[in-house]
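Take a look at the structure set out below.
The values are calculated or read from the model by the stated rules, or taken from the named source; none is laboratory data. Nothing here was measured: the structure is a model prediction, and the numbers come from that model. Cβ placement follows ideal geometry from the backbone for every residue including glycine, while neighbour counts extend to all protein chains displayed.
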Amino acid sequence: MFKAIKPLSNPAMGACWQGKNLQFGLVATDVVCIRYVFYADLLPQAGTEAALLNLVELDKQFQFGDVWGWQAEYSGKKEAPLTYLIQLEKSDGTKHFVIDPFARESRGGEQWGRTLGFAVDAEDYSLKVFSRTQDYFFHGIRRLPVLRPETPTVKITSRPPAPQHSLEQSIVYECHLRGMTRSPSSTVADSAYSGTYQGLTNCIPHLKTLGVTAVELLPVFDFDENERAFSAGDNTHPLYNYWGYSTLQFFAPKQNYAADVENAVSEFKAMVDKFHAAGLEIWLDVVFNHTAEFGADGPVDHFKALAPDHWYLLEKDGTHKNYSGCGNTLKCAHPTSRRMIRECLIYWAHEMGVDGFRFDLATILNRDASGNVMDFPQLLWELRNDPSLKNIKLIAEPWDASGAYELGKASGLANWAEWNDKYRDTVRRSLRGEEKMMEALKASILGSPEIFGSVDSGRKYSLNFLTSHDGMTLMDLVSYNEKHNEANGEKNRDGHNSEFADNCGIEGPTNNPEIQKLRFRKVRMFQCLLQLSNGIPMLLGGDEFGRTQQGNNNAYCHDSELTWLDWQLAEKNSELLLFTRRMIALRKQHSSFLFAPSSNYQWFDASGAAEKLEPYIRTLHYEVTNSAWPEQIIRVLINCFEQPVEFMLPEEIEWRVLIDSAKEPAEYIPPQAGSAWLEGFTVQILRATGAQV
């Protein structure tokens, strides 16, 4: 099958075709021999066996420093994929099978919730597939990498161009790919497309009508949802790693997110193409801070056996430093890890078509080889200035699990956008009715210039969000005071303890019409403020129509109707959905007037006099003008009191109500004699009549 095998001193990592030749590259330390074992492609089932097709054994002549490389002419059937594993023989005589961390595809994860393992016979290297036990961690081979044949004669169909929306004009929709279409209420619920890349394309009409420009998917790099599968306290359903923040293979799309499980790569690309054709971007939430190998008790899939000191931050005794909260921390200061991160991003951007990346726990990328946080974010700067990533959006979550907090650093020194949790907490506390919040709320509306350096920088780099996958949904923020994570099986100890939530009088569901009315009024106010703020707004999927997780603020382990989007709510809460659409449309229509260098903000108190932000004040009142439209004016009135408040306006100007977050458009009442009354927890947006903004 392989002939003319020879060493390769500077190989690309992983496996790749060069004409009729196959090339392989790997970084490995403390190794005296490496064996590549090849099998025919298979769709694995428990009990399946496969005979060895070929074995290539590499001795020290294939080693160049810590890099092992080889190439060979391939003489087999090039239309048939291969699967393979790598055996490392260590200097102490031990042998370990690992999966290629640079593999683009794999077998073994075809069916959600199914636990398969692979075993290799020590004598004849035959392969066996078995059902693995539900241990806390599985110590064995979890995946079987796939090597596709080269197909140079196949005509490559032209792909739709990427929309390339500017970052500051983006409106982001964060969601879980599987959860978008798993509910029985989904239009693809009874088909093979439920919970898949293909299934997500059925959501395009909704997303287009909503008005967002980018969909940010929770992790889709291959992960093992069964890595620590266990039952909830009531033993009624299994708990999984549903979110997927535990990367097993960085270059491979999750296989069971594909309807065509044997062709996950092509299905992912087809999904991206459909979104691009609709003018929507695809962003990915990526995890380069730790891996699925966890700590000392975790599995050994690749990095732990290959070159642990290249990949992980280690103590002097070899134990893992844990800044991620997941048992290990990627050593992002090492050239081997940095090379992988860069090549991974370029692959997903250029080959798969992804438009942007949000980096989970991004401060870990700025830790040095000892684990200390560096003053200058060198890796972030390198990625932002990499010519191959020039037009790709890069967004940092500016903290980690060990207390490092660097909001403003990635934007100020590396021109990255950043998740602005200060914005989140300020708006939440303001709508909870706290005093002494208006100065902070004003800054949040302006784009947090105290963090990002200026209003203009805030517009470019502050990614504003009120909710995300991590925490309560927007409806739960106004329905619960406390988290309710009992179903997680951890006695409600997990998750954030402070959500700055307010249940509006009763904990959880209620039929009280006044409380229901107040809750929906607050939710509309949240959506209104999000779209009125300078920066890049992000919505959590389902918040547009009032999705609930029943107060669970850490639903990482639930693959159930608790986390799936209930599309019936789009009809049940249609007024909320229509309001969210109106707010996004208003933002887009008035963006160049409200959020530009020529925009001018002037602030008043409720009486119309110069602003005074006394501690007891819970209102904001501001006017926006723009030198590009000198005759036009927009006023925004914000009431964070529970009672109505009168706002005074210039009597000589007639005002039109663009938005009143407490009312439907047919109920809008324009200011009379310079007076506008706002209900409690309401925003009103006014425009001078005759203005064409």
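General remarks:
- Any hit, the stretch 576-597, residues being β-branched (Val, Ile, Thr), closer than 16 Å to residue 525 by Cα and not assigned by TED's automatic domain parsing to the domain that holds residue 531: no
- Meets criteria (small (Gly, Ala, Ser) and over 27 Å from residue 531 (Cβ atoms)) for residue 412: no
- Subset tally (residues that are among the polar types (S, T, N, Q) and surrounded by fewer than 20 Cβ atoms within 10 Å (Cβ to Cβ)) for the stretch 72-86: 1
- Residue that is farthest from residue 45 (Cα to Cα) [pool: residues in the stretch 124-158 that are assigned to a loop (DSSP other than H, G, I, E, B) and at pLDDT 95 or above]: 124
- Residue match in the stretch 498-507 (condition: over 20 Å from the mean Cα position of the chain (by Cα), surrounded by 23 or more Cβ atoms within 10 Å (Cβ to Cβ) and not in a loop (DSSP other than H, G, I, E, B)): no
- Note on the stretch 63-110: among residues that are of a type in the set (D, E, K, R) and in a strand (DSSP E or B), the one that is nearest to residue 252 (Cα to Cα) is 105.
- Hits in the stretch 288-336 (condition: part of a helix (DSSP H, G or I) and within 25 Å of residue 35 (Cβ to Cβ)): 303, 304, 305, 306, 308, 309, 310, 311, 336
- Taking the listed residues 309, 297, the one that is modelled with pLDDT under 95, more than 30 Å from residue 201 (Cα to Cα) and either assigned by TED's automatic domain parsing to the domain that holds residue 468 or surrounded by fewer than 20 Cβ atoms within 10 Å (Cβ to Cβ) (or both) is 297, with no other qualifying.
- Take the conditions (1) farther than 22 Å from residue 141 by Cβ; (2) in contact with a helix residue (DSSP H, G or I) (Cβ under 6 Å, 6 or more places away or on another chain); residue 242 misses just one of them, which is (2).
- Just one residue in the set 436, 422 is among the basic types (Lys, Arg) and either at pLDDT below 95 or within 23 Å of residue 216 (Cα to Cα) (or both); that residue is 422.
- For residue 348: the one exception among (1) in contact with a helix residue (DSSP H, G or I) (Cβ under 9 Å, 6 or more places away or on another chain); (2) part of a helix (DSSP H, G or I): (1)
- Checked against the criterion of being of a type in the set (Lys, Arg) and over 17 Å from residue 461 (Cβ atoms), the candidates 428, 424, 384 yield just one match: 428.
- In the stretch 189-218, residue modelled with the lowest pLDDT [restricted to those that are more than 18 Å from residue 273 (Cβ to Cβ) and surrounded by fewer than 21 Cβ atoms within 10 Å (Cβ to Cβ)]: 190
- Within the stretch 316-327, tally of residues that are more than 12 Å from residue 370 (Cα to Cα) and under 20 Å from the mean Cα position of the chain (by Cα): 3
Conditions tested, residue by residue: (1) buried (at least 22 other Cβ atoms within 10 Å of the Cβ); (2) of a type in the set (S, T, N, Q); (3) not in a helix (DSSP H, G or I).
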site: 529; (1), (2), (3): yes, no, no
site: 538; (1), (2), (3): yes, no, yes
site: 551; (1), (2), (3): yes, no, yes
site: 557; (1), (2), (3): yes, no, yes
site: 563; (1), (2), (3): yes, yes, yes
site: 567; (1), (2), (3): no, no, yes
site: 583; (1), (2), (3): yes, no, no
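- Considering (1) assigned to a helix (DSSP H, G or I); (2) among the acidic types (Asp, Glu); (3) touching a Phe, Trp or Tyr at 6+ places or on another chain (Cβ under 8 Å), the lone condition that residue 544 does not fulfil carries the number (3).
- Residue satisfying all of: in the stretch 101-130; among the aromatic types (Phe, Trp, Tyr) and within 25 Å of residue 17 (Cβ to Cβ); farthest from the chain's Cα centre (by Cα) among these: 125
- Set side by side, the residues 8, 82, 55 differ, and just one is farther than 26 Å from residue 124 by Cβ and outside the structural domain of residue 264 (by TED's automatic domain parsing), which is 8.
- Only a single criterion out of (1) within 22 Å of residue 133 (Cα to Cα); (2) at pLDDT 95 or above; (3) in a loop (DSSP other than H, G, I, E, B) is not satisfied by residue 236, namely (2).
- Residue check, residue 519 touching a helix residue (DSSP H, G or I) at 6+ places or on another chain (Cβ under 8 Å), surrounded by fewer than 18 Cβ atoms within 10 Å (Cβ to Cβ) and not in a loop (DSSP other than H, G, I, E, B): no
- Residue match in the stretch 371-381 (condition: at pLDDT 95 or above, of a type in the set (Phe, Trp, Tyr), closer than 15 Å to residue 410 by Cβ and buried (at least 24 other Cβ atoms within 10 Å of the Cβ)): no
- Residue in the stretch 263-277 that is assigned to a loop (DSSP other than H, G, I, E, B) and surrounded by fewer than 18 Cβ atoms within 10 Å (Cβ to Cβ) present: no
- Search result, residues across the stretch 411-428 that are part of a helix (DSSP H, G or I) and within 18 Å of residue 537 (Cα to Cα): 411, 421, 422, 423, 424, 425, 426, 427, 428
Residue-by-condition table, conditions (1) among the aliphatic types (A, V, I, L, M); (2) more than 17 Å from residue 682 (Cα to Cα); (3) in contact (Cβ under 8 Å) with a residue 60 or more places away in the chain; (4) surrounded by 21 or more Cβ atoms within 10 Å (Cβ to Cβ):
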residue	(1), (2), (3), (4)
613	yes, yes, yes, no
616	no, yes, yes, no
621	no, no, no, yes
627	no, yes, no, no
637	yes, no, no, yes
642	no, no, yes, no
648	yes, no, no, no
653	yes, yes, no, no
657	yes, no, no, no
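- Verdict on residue 314 being surrounded by fewer than 24 Cβ atoms within 10 Å (Cβ to Cβ) and outside the structural domain of residue 200 (by TED's automatic domain parsing): yes
- In the stretch 289-305, residue farthest from the chain's Cα centre (by Cα) [restricted to those that are farther than 13 Å from residue 325 by Cα and not charged (D, E, K, R)]: 305
- Summed over the stretch 11-24, residues that are under 30 Å from the mean Cα position of the chain (by Cα), crowded, with 16+ Cβ neighbours inside 10 Å and over 24 Å from residue 124 (Cβ atoms) total 3.
- Answer residue from the stretch 3-62, given it is assigned to a loop (DSSP other than H, G, I, E, B) and polar (S, T, N, Q) and is nearest to residue 343 (Cα to Cα) among those: 10
- Every pair of residues 6+ apart whose Cβ atoms lie under 6 Å, when the first sits in the stretch 554-573 and is farther than 15 Å from residue 484 by Cβ while the second is of a type in the set (D, E, K, R) and buried (at least 20 other Cβ atoms within 10 Å of the Cβ): 564/182
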